[in-house]
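Take a look at the structure below.
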2 protein chains.
Amino acid sequence: MDNDDLRRGKPTCHKKYNEAIAILAGDALQSLAFETLSSTDLNITQTAKLKIINQLAKSSGLSGMAGGQALDLINTGLAITQQQLQQMHIMKTGALINTSIISGYLANNSFDITLYQKLSDTATKLGLLFQVIDDIIDITSNTQILGKTAHKDLDNNKATYVTILGIEKSNQYANMLYSEIKNSLTKYTNADFLLYLIDLIYFRNK
Amino acid sequence: MDNDDLRRGKPTCHKKYNEAIAILAGDALQSLAFETLSSTDLNITQTAKLKIINQLAKSSGLSGMAGGQALDLINTGLAITQQQLQQMHIMKTGALINTSIISGYLANNSFDITLYQKLSDTATKLGLLFQVIDDIIDITSNTQILGKTAHKDLDNNKATYVTILGIEKSNQYANMLYSEIKNSLTKYTNADFLLYLIDLIYFRNK
């Protein structure tokens, strides 16, 4: 099997079955999220359910994952700026990471727009941190550790933080994001699990 | 351009752009439906919104369109029974036709399970009627009238009502469904537009 078709050391769905089945599995799982969130079994208020559904829909669609993936396709092989790269990642992976975090806040009945905006900014930075680290370990790690093919971005002629900034500045940028994220969470109580996840993202080598 | 890539006489999205962009456009449109239904701008009750979202999610996912499409892929080239064909169509196209109709009912605050079930049965029959007619005109019509390639199912080695039942019995089955649907709606007032749509489905030649 080609290493290109591995995730976490296991064959991808499109390799184990085929591309059509993999796409349909994705479609079915996306629907399942909305089915679960709209279920009467879910014990949060109707207002909270509708807010989370709206947030998830926005972050999956044109202004989120699907739109970001389209930008990624269009950008491949082109010389793009750091700002364009950032915009693509904020949409493609950042929006759903953001939603994962702020859904916990939205599930709460109270809603403070300032608090929401702060948490959302932090979550956006966390999405970027995830991507910068991803680009760095794609270069510095190897396929065995990664569980997916190393140097894949380079082979696919894709712009990354490393190709645009170089390794050293990418590391500096990751450090800066990590500090800002940690600092923004110091005033919250009960943020231990979130802080643990942030360390997991920052210190990972795969 | 190959006639295989036409719908209503116009090039399909996957032909005009490419397959990846077409899939992403579909993903974005699916999200947009959930975004719209969960919007505070939509002037129906929260209970109604959540019911419609749940219904739409179920009919799009594993037990609806995505699952039905997977069955379609698996069934292609196999000798299947009318019952298996029916099950596939109820999931693949019927579930969403059903949802389109009963969402109008769900948008109403009142909810009567008997009435809901009756309307749902009628909607399922309408989905089947749509498919039987589709299979008949695929054989009896031509590409110019259809706006998509005629005899496509035959060329693709797909089981249809016509390949399983023959033209005559398919026509009889369509007539029976049409009568049952019309009869089930006679007791409803304000069903004029729905009755118009049913005639449109039954009498269409494209």
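Coordinate-derived values only; no laboratory data. On a predicted model such as this, the values are computed, not experimentally measured, just so you know. Don't worry about glycine lacking a Cβ; one is built from the backbone with ideal geometry, like all the others, and counts go over all protein chains shown.
Values for this structure:
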| read-out | value |
| --- | --- |
| Extension reserve of the B:Gln46-B:Asn109 stretch, reckoned as 0.36 nm per residue once the Cα distance is removed | 21.7 nm |
| Formal net charge of residues neighbouring A:Ser38 (Cβ-Cβ distance under 9 Å; K, R +1; D, E -1) | +2 |
| 24 Å tail of the calculated P(r), chain A, as % of Cα pairs | 50 percent |
| Teacher prompt: B:Thr186 distances to equivalent labels in other copies, 7 Å Cα→Cβ, nm | 7.9 |
| Nearest-first distances (nm) between copies at B:Thr12, label 7 Å from Cα via Cβ | 2.2 |
| Residues in region B:25-68 that a label on B:Tyr116 would reach, taking backbone N under 15 Å of a point 7 Å out along Cα→Cβ | B:45-59 |
| Label point 7 Å beyond Cα along the C-beta direction, distances from A:Gly77 to other copies (nm, shortest first) | 3.2 |
| Proxy reagent accessibility, fewest Cβ within 10 Å first, across B:Tyr202, B:Tyr188 | B:Tyr188, B:Tyr202 |
| Cross-link pairs beyond the 29 Å C-alpha cut-off, checked among B:Lys125/B:Lys187; A:Lys92/B:Lys158; B:Lys10/B:Lys92 | A:Lys92/B:Lys158 |
| In nm, spacing of pseudo-spin labels at B:Arg8 and A:Ala25 (7 Å Cα→C-beta vector) | 3.5 nm |
| Subset of A:Lys206/B:Lys49; B:Lys51/B:Lys169; A:Lys118/A:Lys206; B:Lys51/B:Lys206; A:Lys49/B:Lys118 violating a 32 Å alpha-carbon distance limit | A:Lys206/B:Lys49; B:Lys51/B:Lys169; B:Lys51/B:Lys206 |
| Rel. contact order, % - alpha carbon contacts under 8 angstrom, at least six apart, chain B | 22 percent |
| Translational D in µm²/s for the protein assembly as shown (Stokes-Einstein at 25 °C, 0.890 mPa s, Kirkwood Rh from C-alpha pairs) | 100 µm²/s |
| Ranked B:Lys182, A:Lys187, B:Lys58, B:Lys10, criterion: other C-beta atoms within 10 Å, fewest first | A:Lys187, B:Lys10, B:Lys182, B:Lys58 |
| CD proxy at 222 nm, helix term only [per DSSP H run n ≥ 4: -39500 (n - 2.57); per residue of chain B; nearest 500] | -22000 deg cm²/dmol |
| Spatial separation of Cα centroids for region B:166-185 and region B:4-55, in angstrom | 31 Å |
| Kyte-Doolittle mean at least 0.0 and Cα axial length at least 20 Å: DSSP H helices in chain B | B:19-37, B:113-140 |
| Of all chain B residues, the one whose C-beta is nearest the axis that brings B onto A, in angstrom | B:Gln46, 2 |
